[in-house]
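Shown next, in structure tokens, is the structure this report addresses.
The values are calculated or read from the model by the stated rules, or taken from the named source; none is laboratory data. Model, not experiment: these values are computed from the prediction. Cβ placement follows ideal geometry from the backbone for every residue including glycine, while neighbour counts extend to all protein chains displayed.
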Amino acid sequence: MLLLALFALHSTFQAQVWLELGAKGMMGMTGFYNKNIVDDSRHDTQFGLGLSVGGVAAINFGENHGLNFEVLSATHHQSMSYRGDDGINNTVNIEWKSTDAYLMYRWYRNNGAFVEVGPKITYINEAQQSFGTDWAKVSDKYASRYTSAAFGVGGFVTTSQVVVIKTGIRAEYALTDLISDEGQMEGYPAYYTTFDSYRETRPFRAGFYLEVTFGVGGIAKSMCGSRGMIWGTGYN
């Protein structure tokens, strides 16, 4: 194992290292999982729509390995309905805005397809929640940040010595709780009812993204232009 690790490290240092900079946009389904709410017959949940926009820096090691650093401004949404003892259905909406930081390892195939995996840290900038028609800011009830694991697949749509366009799908699931210590004591996100015990709230996200990057330097432009695509061939 040690010999294999040393060989892989040596191969990485021997490979050409090159940089891409660009922009990224993501759109897809958002929500959270809370076992108390899922198991409660009084609750019905609906997924929300989330958007993310920001920048990306990709450090590539040869043709098959890369690290993506991404910082995206994101929105998240979860909707629920709660049927109280009076039989009336009340709509519950939770929305939070965040800055999401990703570090994704990518493995590229010669045909332009790739897989990616890595961590994400979400920094919550603002949170608000409604019960019926009443909205309130609840940032102090929600954690200031949480950590997720992300996995995705994608490929190159077009490549040239000027620009590279990539597309893919990505799924994420939180490894830590969305709710702050104060929010836990007050029963969030379902503060309007009670459960026998506390259960963590884990956000998730799944969606489609589009990434546009530009090679920095002569080596980068040459490498970008020579890559294959999921449809057709490379620039050559």
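Report yes if Thr158 is surrounded by 13 or more Cβ atoms within 10 Å (Cβ to Cβ), hydroxyl-bearing (Ser, Thr, Tyr), assigned to a strand (DSSP E or B) and at pLDDT below 95, otherwise no.
So Thr158 fits the description; yes.
Just one of (1) at pLDDT 95 or above; (2) outside any strand (DSSP E or B) trips up Tyr209, so point out which.
(2)
Tally the residues that are in a strand (DSSP E or B) and either closer than 18 Å to Thr147 by Cα or among the hydroxyl-bearing types (Ser, Thr, Tyr) (or both), restricting the search to segment 165-189.
At the first step, the residues of segment 165-189 found to be in a strand (DSSP E or B) are 165-174, 179.
Among the residues that remain, those that are also either closer than 18 Å to Thr147 by Cα or among the hydroxyl-bearing types (Ser, Thr, Tyr) (or both) are: 167, 170-174, 179.
Looking only at that region, the number is 7.
Condition test on Ala143, is it modelled with pLDDT of 95 or more and of a type in the set (Gly, Ala, Ser)?
Values: modelled with pLDDT of 95 or more: yes; of a type in the set (Gly, Ala, Ser): yes.
The answer is yes for Ala143.
For the subset of segment 94-113 comprising residues that are assigned to a strand (DSSP E or B) and modelled with pLDDT under 95, which member is surrounded by the most Cβ atoms within 10 Å (Cβ to Cβ)?
From segment 94-113, those assigned to a strand (DSSP E or B) are 94-108, 113; that's our starting set.
Subsequent filtering for residues that are modelled with pLDDT under 95 retains 108, 113.
On the way: Tyr108: 21, Ala113: 16.
So, considering only residues that are assigned to a strand (DSSP E or B) and modelled with pLDDT under 95, the one surrounded by the most Cβ atoms within 10 Å (Cβ to Cβ) is Tyr108.
Answer yes or no: is there a residue in segment 41-51 that is over 15 Å from Pro203 (Cβ atoms), surrounded by fewer than 17 Cβ atoms within 10 Å (Cβ to Cβ) and in contact with a helix residue (DSSP H, G or I) (Cβ under 9 Å, 6 or more places away or on another chain).
Checked against the condition, which is being over 15 Å from Pro203 (Cβ atoms), surrounded by fewer than 17 Cβ atoms within 10 Å (Cβ to Cβ) and in contact with a helix residue (DSSP H, G or I) (Cβ under 9 Å, 6 or more places away or on another chain), segment 41-51 yields no hits at all.
Kindly indicate the residue of segment 161-189 that is acidic (Asp, Glu) and over 30 Å from Arg109 (Cα atoms) and also surrounded by the most Cβ atoms within 10 Å (Cβ to Cβ) among those meeting that condition.
Just the residues of segment 161-189 that are acidic (Asp, Glu), to begin with: 172, 177, 181-182, 186.
If we keep only those that are over 30 Å from Arg109 (Cα atoms) as well, we get 177, 181-182, 186.
Numbers: Asp177: 20, Asp181: 10, Glu182: 12, Glu186: 12.
Looking at residues that are acidic (Asp, Glu) and over 30 Å from Arg109 (Cα atoms), I get Asp177.
Please verify whether segment 120-137 includes one or more residues that are small (Gly, Ala, Ser), within 19 Å of Gly31 (Cβ to Cβ), at pLDDT 95 or above and surrounded by fewer than 16 Cβ atoms within 10 Å (Cβ to Cβ).
No, because not a single residue in segment 120-137 is small (Gly, Ala, Ser), within 19 Å of Gly31 (Cβ to Cβ), at pLDDT 95 or above and surrounded by fewer than 16 Cβ atoms within 10 Å (Cβ to Cβ).
Here are some conditions: (1) more than 18 Å from Phe204 (Cα to Cα); (2) of a type in the set (A, V, I, L, M, F, W, C); (3) surrounded by fewer than 16 Cβ atoms within 10 Å (Cβ to Cβ); (4) touching a Ser or Thr at 6+ places or on another chain (Cβ under 7 Å). Phe61 meets all but one. Which one does it not meet?
Only one criterion is unmet by Phe61, namely (3).
Pick out the one residue from Glu63, Glu126 that is among the acidic types (Asp, Glu) and in a strand (DSSP E or B).
Numbers: Glu63 fails: in a strand (DSSP E or B).
Criteria check complete, one pass: Glu126.
Taking the conditions exactly as written (assigned to a strand (DSSP E or B), of a type in the set (A, V, I, L, M), over 19 Å from Ala171 (Cβ atoms) and without any contact (Cβ under 8 Å) to a residue 60 or more places away in the chain), does Ala136 satisfy them or not?
Taking the combined requirement at face value, the residue satisfies it.
Are any residues in segment 26-55 among the charged types (D, E, K, R) and part of a loop (DSSP other than H, G, I, E, B), and if so, which ones? Outline the logic, then answer.
If we filter segment 26-55 for residues that are among the charged types (D, E, K, R), which is where we start, we get 35, 39-40, 42, 44.
The answer is Asp40, Arg42.
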